[in-house]
Amino acid sequence: MQQYILVTGGTKGIGRAVVELFAKEGFHIITCSRNENDLQKLKLDIEQRYTFSKVLYHKADLSDRKSLEKFVKYVQGLNVQIDVLVNNSGLFVPGKITEEDDETLPFMIQTNLYSAYYISKAFVKEMIKRRSGHLFTLCSTASIIPYINGGSYCISKFALLGMTKVLREETKEHNVKVTAILPGATLTASWEGVDLPPERFMKPEDVASAIWNAYTMSPNSVVEEILIRPQLGDL
């Protein structure tokens with residue numbers, strides 16, 4: 001039986017690592033990104049490396065509600081069963097609440113929380129109906145520990161973890177699994193230009209492996225939260 005994983009923001013960083021691993025394991029990929037060229041390159045790379053895996057994509061900016069709705073309609077129009085959903089899209093805007101622009105919080109909430117909220121609502125109902133499926137949400141260590149210069153990003157990630165906990169309670173009796181991923185500093189584009197050695201960061205592939213391991217557990221168990229930090233601790 002063909003299996004499909006939907007990964008938002010699948011062209012870079014943790015999203016790309018998840019796409020790579022699940023494609024290697026035989027999944028077909030559905031994803032989105034703001035950049036059409038990045039999506040085309042992803043499709044070419046994955047389908048050449050894993051000839052049994054298809055990559056289906058749609059250009060979308062999930063911080064924009066209309067763009068998000070178009071992506072949802074595209075995925076629903078494929079008429080395939082979404083076995084795994086990974087809410088990965090998000091952005092980091094540094095700043096202090098006392099100093100940041102007034103529009104920073106609405107933008108962070110729209111980008112990091114509402115995107116996952118609407119995507120989850122669009123596809124979890126079918127999982128509930130058929131009594132199978134696994135939903136992962138990329139939260140952050142910023143979901144549990146506030147830090148200076150985290151500002152509205154921390155607020156949005158605290159809310160995202162809360163949403164994931166609520167979804168877990170709502171879906172557990174329907175045999176749908178929900179897992180929150182809380183990674184620390186991971187070597188992605190968000191840290192470009194930072195004068196720190198690569199060894200100080202986690203690898204995106206390690207986060208992807210944690211997601212895969214949680215997915216492959218028996219139906220009797222669910223990993224509700226995965227907290228991962230660099231070996232030497234937070235930055």
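Values for this structure:
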quantity	calculated
Helix-derived mean residue ellipticity, 222 nm - over the chain, DSSP H n ≥ 4, -39500 (n - 2.57), to 500	-12500 deg cm²/dmol
Relative contact order [Cα under 8 Å, 6+ residues apart], the range 160-235, whole percent	41 percent
Two-decimal Rg/Rh across the range 134-209, once Rg and the Kirkwood Rh are taken from alpha-carbon atoms	1.05
Lysine pair number, Cα distance threshold 21 Å (strictly under), the range 86-235, separation 8 or more or different chains	16
Long-range HN-HN contacts of L56 with modeled amide H, under 5 Å	I29, I30, T31
Derived scalar couplings ³J(HN,Hα) [the range 92-101; Karplus, 6.51 cos²θ - 1.76 cosθ + 1.60; whole Hz; x for Gly, Pro]	10, 10, x, x, 9, 3, 6, 10, 6, 4
Two-decimal Rg to Rh for the range 42-186 - Kirkwood Rh, Cα set	1.00
Chymotrypsin sites (Phe, Trp or Tyr not before Pro) within the range 121-172, DSSP loop, no more than 12 other Cβ atoms inside 10 Å	Y147
For the range 11-19, Karplus couplings with θ = phi - 60° (6.51, -1.76, 1.60), whole Hz, Gly/Pro x	8, 9, x, 5, x, 5, 5, 5, 4
Choice from E20, E205, E99 with maximal GNM fluctuation in the chain (Cα, 10 Å cutoff)	E99
Normalised contact order of the range 104-200, rounded percent, pairs of Cα under 8 Å and 6 or more residues apart	34 percent
Selection of trypsin sites (Lys or Arg not before Pro), the range 1-81, meeting DSSP coil and at most 14 other Cβ within 10 Å	none
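Any read-out appearing in this document is the output of simple, stated calculations on the displayed coordinates, not a laboratory observation. Bear in mind the structure is a predicted one, so any value in this text is a computation, not a measurement. Here Cβ is always computed from backbone atoms with ideal geometry, including for glycine, and neighbour counts include all displayed protein chains.
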